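Here the structure is laid out as structure tokens; the discussion comes afterwards.
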Amino acid sequence: MRYWQVGLSLAMALWCTSALPDVASGKAAFEGQGCTGCHYTEGPAREKTIEDQLAKAGPELWYAGSKFNRPWLEAWLTDPKPIRLLKYNSLDEKNAGGHPTLVGADATAVTDFLMSLTTDAVTAGVIKPKSHPKGKLIFKKKMPCSGCHQYEDRKKVSGGLSGPSLVGAGARLNPDWIYAYLSNPTVFKPVRMMPVFAGLMSPKDMEFVSAYVASFKGE
Amino acid sequence: MVRVFMLFFALSLVTDAIASDSETTYKFYCAQCHGVNGDGTGPNVTADFATDPRNFTKKEDMAKLSDADIRSVILDGGPALSKSALMPPWSKTLTSEEVDGLVQVLRGFCNCQGAP
């Protein structure tokens with residue numbers, strides 16, 4: 001083998017490893033930064049009672065890789081702006097922000113780790129984001145979605161505060177996760193303040209409303 | 001005599017436990033719109049909330065609803081009684097016993113009996 005060949009293959013090997021997701025060091029950073037104090041990362045869902053849900057200090061992250069879009073997640077970890085308008089598990093206190101922040105390599109590695117946490121309860125390729133009039137009608141009129149979720153329509157933000165804000169949900173959430181969350185909610189959140197709509201809405205209507213939510217742009 | 005007393009004591013513990021469970025259920029699912037005190041002022045009721053959630057402390061309004069009316073609106077949502085769809089359907093979320101318990105919580109707020 002010629003020297004240049006050795007050099008090239010070494011360089012390629014280096015390039016490959018540096019591009020590989022750094023799940024192990026992301027997991028170490030997640031633990032080292034105290035994230036485990038408020039988030040659990042191993043499924044299945046553990047909550048059985050309302051008390052279990054209220055005892056949590058932050059949302060579960062064991063299916064984060066199926067729920068979030070990677071670019072949003074990495075950016076949010078470095079600059080976490082409030083998603084829920086009220087403090088987690090509170091009905092009267094505002095969400096004052098102040099979520100722990102990650103910088104540089106830690107943010108990328110923790111993103112790698114969180115994106116590796118996937119679940120086969122989400123089927124890929126079902127939902128295409130679309131601001132369909134049918135989805136909009138369901139969200140605003142036929143169903144109570146807007147009663148608990150902020151959303152943006154024609155540059156105006158309105159809606160309830162108890163659910164996470166859906167303004168910019170298209171950048172944040174995987175469209176197929178939205179559909180899975182509506183059609184099979186107990187896998188993800190067996191105990192939650194949002195009603196179960198599975199069995200009350202047709203699968204087609206769930207597709208429409210998921211596509212509508214997935215079309216919400218950011219601010 | 002002591003046994004009878006013990007029996008009453010045990011039974012009252014059971015009813016207390018059911019009542020406090022129902023209050024927890026109410027606070028978790030209903031207070032977000034109807035308010036912790038049942039007066040219709042939960043955090044979701046902002047300026048652009050289209051229809052005010054029912055104020056359960058208004059005796060004259062609540063007395064018009066039978067327990068069966070309340071049950072069906074909890075299970076199937078506002079449209080079940082030709083009311084706003086902002087009142088969600090809970091039939092796939094709550095058990096029949098939990099709904100019974102909620103009817104009692106609401107009757108506690110209005111301090112009233114329903115129309116038969």
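The values are calculated or read from the model by the stated rules, or taken from the named source; none is laboratory data. In this text, all values refer to a predicted model and were calculated from it rather than measured experimentally. Please note: Cβ atoms are built from the backbone with ideal geometry, for glycine as well, and neighbour counts cover all protein chains shown. Accessible surface is based on the protein model in full, side chains and every heavy atom, while ligands, DNA and RNA are left aside. Shrake-Rupley method; radii C 1.70, N 1.55, O 1.52, S 1.80 Å.
Per-structure values
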{"item": "Among A:45, A:57, A:121, residue whose mean-square fluctuation peaks in a GNM of chain A (springs only between Cα atoms under 10 Å)", "result": "A:57"}
{"item": "Nearby aspartates and glutamates by direct alpha-carbon distance to residue A:189 (threshold 18 angstrom, same-chain neighbours under 8 apart not counted)", "result": "A:42, A:47, A:51, A:52, A:60, A:120, A:176"}
{"item": "Phi to ³J(HN,Hα) by Karplus 6.51 cos²θ - 1.76 cosθ + 1.60 over region B:25-33, Hz, x for Gly, Pro", "result": "4, 4, 4, 6, 9, 9, 4, 4, 10"}
{"item": "Distance violations [Cα-Cα > 25 Å] among A:94/B:64; A:136/A:204; A:67/B:92", "result": "A:94/B:64"}
{"item": "Carbon/sulfur fraction of accessible area - region A:133-213, other protein chains in place, 1.4 Å, %", "result": "60"}
{"item": "Distance from region A:132-150 to region A:73-122 (C-alpha centre basis), Å", "result": "26"}
{"item": "Using alpha-carbon coordinates, inclination of helix A:3-19 to the longest axis of chain A, degrees", "result": "20"}
{"item": "Accessible surface of region B:57-116, 1.4 Å probe, proportion on carbon and sulfur as whole %", "result": "53"}
{"item": "Heavy atoms of residue A:141 accessible to a 1.4 Å probe, total area in Å² rounded to 10", "result": "140"}
{"item": "Computed [θ] at 222 nm, deg cm²/dmol, chain A (DSSP H ≥ 4; -39,500 (n - 2.57); rounded to nearest 500)", "result": "-11500 deg cm²/dmol"}
{"item": "Neighbourhood net charge (14 Å Cβ-Cβ; Lys/Arg +1, Asp/Glu -1) for residue A:197", "result": "+2"}
{"item": "Total accessible area lost when B and A pair, probe 1.4 Å, Å² to nearest 100", "result": "1900"}
{"item": "Probe 1.4 Å, accessible area per residue of chain A, Å²", "result": "54"}
{"item": "Amide H partners (placed H, <5 Å) of residue A:94, local residues excluded", "result": "A:87"}
{"item": "Karplus-derived 3J(HN,Hα), 6.51/-1.76/1.60, for each residue of region A:29-35, Hz, glycine and proline x", "result": "5, 4, 6, x, 8, x, 5"}
{"item": "Accessible area of residue B:92 in the full protein assembly, 1.4 Å probe (Å², nearest 10)", "result": "110"}
{"item": "Coil-residue trypsin sites (Lys or Arg not before Pro) of region A:171-219, DSSP, other Cβ within 10 Å capped at 13", "result": "A:217"}
{"item": "Candidate lysines - alpha carbon under 28 Å from residue B:59, same-chain residues fewer than 8 apart omitted", "result": "B:27, B:83"}
{"item": "Cα-based equivalent ellipsoid of the protein assembly as shown: semi-axis lengths in Å, sorted from largest, via gyration tensor", "result": "45, 25, 17"}
